[in-house]
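A quick write-up on the structure given underneath.
The numbers here are math on the coordinates, done by the rules we state, and not lab data. Computed from a predicted model, the values in this text were never measured in an experiment. No Cβ is skipped: glycine too gets one built from the backbone with ideal geometry, and neighbour counts run over all protein chains shown.
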Amino acid sequence: MASVRGVSSPAFPPRKFPSTGFEVIDPDKKVEEERLPFYEMEDFYPMHIGEVVGGHYQVVGKLGYGTSSTVWLARDLRDQKFWALKVHINTLKHNHELEVYRYLDSTPAKEYIINQQHVRRLETSFQLHGPHGSHLVFVMAPMTMSLQIFLGLRRGKPFEPLYVQQVVNQVLVGLCYLHAVDVIHADLHPGNLLIGITDDSIPSVVEERELHKPSERKRAWDLLEKEPLVGLYDEASPEQNDAHHLAALTALLGPPPSEFLQRSEKTAKFWDADSKKWPYRKWKGPVPVPSDKTLESLSSSLSGEEKSLFLDFIRCLLRWVPEERPDCTDAYFHPWLGNKHPDLEPEEDDP
């Protein structure tokens with residue numbers, strides 16, 4: 001874990017936030033984390049805008065929420081610096097995320113000083129005692145929205161290819177750092193890729209908005225193409241989505257090789273074990289393999305050589321057998337991203 005600064009008395013007084021003048025939400029109406037399937041009110045800390053927690057962090061706005069935490073923007077009253085406070089639920093008995101942050105903080109930073117800039121760090125943490133238990137709080141640098149939210153704001157318009165290339169470049173550099181220190185990120189998607197803040201005035205804007213126009217309260221692939229490669233196909237029967245995903249991947253990649261099928265007994269649920277068409281088994285899943293789904297048909301925003309390079313990049317990443325997939329370094333130097341490998345650069349002639 002990052003070094004903890006000594007606790008001292010706040011140098012600046014807390015700001016007074018309005019107690020009236022905002023829309024009051026009907027207490028029976030569920031909003032934000034309350035709409036999550038397994039939400040329990042007693043598990044979450046009842047944070048209030050303007051509240052001071054951890055001795056010197058004044059909460060000035062809400063940034064987000066999830067199944068196990070809420071995230072708040074706070075001003076450190078000691079030095080006026082803004083931080084994001086991730087407040088975990090009080091029923092979280094084992095916080096694996098904290099262990100990972102502590103491990104990352106123990107790695108030699110000087111060896112990965114460039115790569116680690118794309119991985120969010122933990123500044124410090126503290127315990128916050130609520131009415132129903134104790135909540136672990138992470139103090140982290142504030143970020144803006146996730147790529148998923150940013151994409152949603154574009155109302156169906158995909159990102160420009162250059163922007164996607166820049167995003168993929170930074171993600172791969174961050175992954176190279178994590179893999180170099182033996183950390184594997186098993187849940188990488190646009191929803192947890194956060195956009196950094198390059199303008200330090202942005203957090204102040206959030207604070208001023210809460211002061212003068214407070215938010216309503218209660219009292220007490222997808223980046224580049226419109227159609228995803230695989231997604232939520234059957235909202236009525238979520239248990240069928242595994243079958244839909246495998247069927248879609250079969251359409252995109254072709255049937256899986258025997259090497260892949262032999263690694264799990266679960267393949268018998270989706271492929272006919274008695275098929276004589278070895279090395280491939282015949283699909284017998286509960287949903288059909290889509291006949292019109294190909295990488296070429298899904299990639300509609302690109303054309304020419306750029307489309308060919310992009311599809312080649314995707315085909316390199318989408319492999320049934322994990323050992324055939326490129327590591328983050330090889331992916332980083334794929335021609336579509338335009339990064340030049342130093343070992344392949346032509347040597348300059350001696351003068």
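Some values worked out for this structure:
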quantity	calculated
Formal net charge of residues neighbouring LEU98 (Cβ-Cβ distance under 14 Å; K, R +1; D, E -1)	+1
Over 20 Å between alpha carbons, listed pairs LYS266/LYS293; LYS16/LYS81; LYS62/LYS86; LYS86/LYS157; LYS29/LYS157	LYS266/LYS293; LYS86/LYS157; LYS29/LYS157
Shape category assigned to segment 34-126 from the gyration tensor of Cα positions, a/c cut at 1.5	oblate
Whole-Å distance, taken between Cα centres, linking segment 310-330 and segment 33-93	39 Å
Peptides ranked, highest mean first, by Cβ atoms within 10 Å: ranges 172-178, 315-321	172-178, 315-321
Cut-off 12 Å between beta-carbons: net charge of the residues surrounding ALA84, Lys and Arg +1, Asp and Glu -1	+4
Local electrostatic count, ARG319, Cβ distance below 13 Å [Lys/Arg +1, Asp/Glu -1]	-4
Per-pair calculated FRET efficiency, R0 = 56 Å: HIS48 and SER308 via Cβ, rounded to 0.05	0.55
Gain upon complete extension [HIS189, HIS94; 0.36 nm per residue less C-alpha separation]	31.9 nm
Principal axis dimensions, largest first and in whole angstrom, of segment 24-67 by Cα	33, 23, 18
Residue order, fewest to most surrounding Cβ atoms within 10 angstrom, among TYR45, TYR101, TYR332, TYR163	TYR163, TYR332, TYR101, TYR45
Taking PHE82, PHE12 and counting other C-beta atoms within 10 Å, the order from fewest to most	PHE12, PHE82
